[in-house]
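The values are calculated or read from the model by the stated rules, or taken from the named source; none is laboratory data. All values reported here derive from a predicted model rather than from experimental measurement. Here the Cβ is made from the backbone with ideal geometry for all residues, glycine too, and neighbour counts use every protein chain on show. The area values use the complete protein model at the heavy-atom level, side chains included, leaving out ligands, DNA and RNA. Shrake-Rupley method; radii C 1.70, N 1.55, O 1.52, S 1.80 Å.
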Amino acid sequence: VIDKLPDYQLTLDPSGNYTFPEASIGYGISSQYQHVVKVMNTGKNSVTNLKVTLSGGDANKFSIYQPTSMLGSGKETSFILAPIRGLTPGTYTAKVDFTASNQISHTFQISFTVKQGANNYEIQFDPADNYTFPSAHEGYT
């Protein structure tokens, strides 16, 4: 059976584009905002140089937890993608490139939307300029 396997092949699960659950301003770190992708070596030989990179205008709005750099035949590892904390309302997208030795590559897109929450408020100052308080002595009233 092993002779019928390709020499080098990695399978991603899940594969394809992924949209994170929508979040409101102030979202915290939670497993619902992590996309875990399992990488399985379904080929006959070990594969090296496993790496995940992000590109696109919002690439810096996501973090990556890299997989192990080498994967033997029949073994598995994983990588995790997550939006960074503190994003303002809007939709953020990035292209994910997973590459490894022997010309292995998989590409997909991730997307994350932050919405203004019902209980979130924005503060605006009028006037918007800086204000300098007059000097005072300690213990003033």
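A few comments on the model shown:
- For the range 106-141, taking the residues that are of a type in the set (D, E, K, R) and exposed (fewer than 10 other Cβ atoms within 10 Å of the Cβ), the one that is modelled with the highest pLDDT is identified as Glu138.
- Screening the candidates Lys75, Lys38, Lys4 for the property of being free of Cβ contacts under 8 Å to residues at least 12 places away in the same chain and over 21 Å from Lys115 (Cβ atoms) yields one hit, Lys4.
- Screening Gly86 against (1) open to solvent by less than 70 Å² (accessible area, probe 1.4 Å); (2) at negative phi; (3) assigned to a loop (DSSP other than H, G, I, E, B) leaves a single unmet condition, (2).
- For the range 89-101, the set of residues classified as surrounded by fewer than 17 Cβ atoms within 10 Å (Cβ to Cβ) and under 18 Å from Gly16 (Cα atoms) consists of Lys95, Asp97, Thr99, listed by residue number.
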